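The structure appears below as structure tokens.
Every number here is computed from the coordinates shown, using simple stated rules; none is lab data. If you're wondering where the values come from, they're calculated on a predicted model, not measured in any experiment. Positions of Cβ are backbone-derived with ideal geometry, glycine not excepted, and every protein chain shown enters the neighbour counts.
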Amino acid sequence: MFTKDIYIERRNKLRQQIKHGIAVFLTNNEAPMNYPSNTYRYRQDSNFIYFFGLQMPGMVGVIDFDEDKDFIFGDDFTIDDIIWMGNQPTIGDLAARCGVANVQGMDKLTTYISQVQKSGRKVHFLPPYRADNKIFLSLITGIAIENIPAQVSTELIKAIVALRAIKGEEEIKEMDKICDIGVMMHTAVMKDCRIGKTERELAGIAEGISLSYGNGYSFPVILSQDGQTLHNHNHEQILTDGRLLLTDMGAESVSGYSSDYTRTIPVNGKFSQKQKEIYEIVLKANMESIRTAQAGIPYWNIHLNATTIISEGLTQLGLMKGDYKAAAQEGAHALFMPHGLGHMLGLDVHDMEDLGENFVGYDEQTQRSNIFGHASLRCGRKLQKGFIVTVEPGIYFIPQLIDIWEREQKFTQYINYSKVREYLNFGGIRIEDDILITDNGCRVLGQPLAKSVAEIETLMQENH
Ligand code: GLY
Ligand code: MN
Ligand code: MN
């Protein structure tokens, strides 16, 4: 974790935005895999990490806006715990690490909250996303579970989004480091990819790297020759000559920060002409987006430009036709790229998505499109210095979607379905980088990762 001053400052910045009531932050509990004491890798709640830094269960953090006080509610470990877990810090020691002066036993929490409520002060809380914490929140606030969504604090959500969206120097350092680990994972896959191996072997190598240098992956590894399935977690296939392999993965640092890269490589180490033609379009969309992303420009504009580049390239190849700019505006490109250009990145791989995508990625000036494809853009609002976002254009040939659109004769003025049918077994290509918005444009985080056709082919062939 960072030094305690960082957490004190973050809580004070929240105080500058919210003047009344208290905010309650729950830790995540251990989550059982198959019986209570056999658990998944522990993951703290990101908002708790942000304001209190402590990565263990069993605590509640409280920020009191009226009285200018912070609390940690929790119980010290007992000798029964210490026998199994080794010596443990007290709750007082833990609270001191994040600069919290007030410590209370968990048995005091419900009474404390009910006193706050009785005095007419607001109890701000965030949308709980785990079932156990929904129940716990209901118990400590007395609000029925079904009424919790309506009583979530929009004021708290907006204040936190404003803080977490702008990354501090200490966070940027962590992001650079964890991006380097993401680069190592992808480089290992490029080096170790061989016809005849299984996808699983490569996924395991990459996951091993993420565990060697951090907390493990930042989301379950996507590594598949069926890259047309956007979030494909199946790794059962044997790597086959002539196919593409799409890998979308990143690592999570010990401090909780995430990286998120995608590369698409030819299994045999050399792109075919057909693969190269599609690859170059996606690469152009990725690089133009990085070239033009800067503070003051809505990410929606960069997204629209990327989809225009994709429509233009596919028109030049004969898969699309007509006015490529209008095609992208109207959403015809979405047959090939049904997702958005990117999302915020930080403590979460889709940063702050638990707080609600529209609060994070949109505002009064930039409203979400309702056109299929464009509607999936997670972040459309104006970029600001300190934002970290992903840039991840793609082109996919999804047979089921092509069948439906052709049957419905959608966008026949823009789509050449007979040509598209020649690509039904193509798979998909996505190229994803992580960028920090700076004073004069943006900077790609992490060490360089092979991306051009020549860089990928050279790296793969040197290692065969
Ligand atoms: N891996 C999830 C994403 O790129 O959005
Ligand atoms: Mn990704
Ligand atoms: Mn991403």
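Tabulated values for the structure
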| read-out | value |
| --- | --- |
| Mean Cα-pair separation over length for the chain, i.e. relative contact order, pairs under 8 Å, 6 or more apart, % | 15 percent |
| Pairs of Cα atoms farther than 19 Å apart, the range 349-401, % | 35 percent |
| Rounded tilt (10° steps) of 4-17 against the dominant C-alpha axis of the chain | 90 degrees |
| Rg/Rg_globular for the range 18-102, with Rg_globular taken as 2.2 N^0.38 Å and Rg from C-alpha atoms | 1.20 |
| Quarter of the Cα convex hull surface for the range 121-217, i.e. its orientation-mean projected area (nm²) | 9.9 nm² |
| Greater than 29 Å apart at Cα, pairs in K13/K385; K197/K419; K158/K385; K108/K177; K4/K158 | K197/K419; K108/K177 |
| The range 87-175, dipole about Cα centre (Lys/Arg Cβ +1, Asp/Glu Cβ -1), debye to the nearest 20 | 280 debye |
| Contour excess over end-to-end distance, with Cα ends at T110 and M85 and 0.36 nm allotted per residue | 6.2 nm |
| Convex hull volume of the range 370-464 per residue (C-alpha atoms, cubic angstrom) | 168 Å³ |
| Extended-chain gain in nm, criterion 0.36 nm per residue less alpha-carbon gap, S418 and I404 | 3.6 nm |
| Neighbour-count ranking [beta-carbon atoms within 10 angstrom, fewest first] of T458, T307, T187 | T458, T187, T307 |
| Radius of gyration, Dmax [the range 258-362; alpha carbons; angstrom] | 15.5, 44 |
| The chain - convex hull of alpha carbons, volume per residue in Å³ | 160 Å³ |
| Förster radius 30 Å - calculated FRET efficiency between S272 and A188, Cβ distance, rounded to 0.05 | 0.80 |
| C-alpha center-to-center spacing [the range 221-285, the range 422-464] in angstrom | 10 Å |
| Distance between the range 1-40 and the range 205-219 - C-alpha centres, whole angstrom | 24 Å |
| Degrees, to the nearest 10: 131-141 long Cα axis against longest axis of the chain | 30 degrees |
| Over the range 417-464, equivalent-ellipsoid semi-axes from the Cα gyration tensor in Å | 30, 20, 8 |
| Contour excess over end-to-end distance, with Cα ends at T78 and K4 and 0.36 nm allotted per residue | 24.1 nm |
| Simple label model, 7 Å out from Cα along Cβ direction - K13 to I143, nm | 2.5 nm |
| Neighbour-count order for L341, L304, L139, fewest beta carbons within 10 angstrom listed first | L139, L304, L341 |
| Alpha-carbon centroid distance for the pair the range 65-140 / the range 171-200, whole angstrom | 38 Å |
| Order of L94, L202, L314, L163 - criterion: other Cβ atoms within 10 Å of each residue's Cβ, fewest first | L163, L94, L202, L314 |
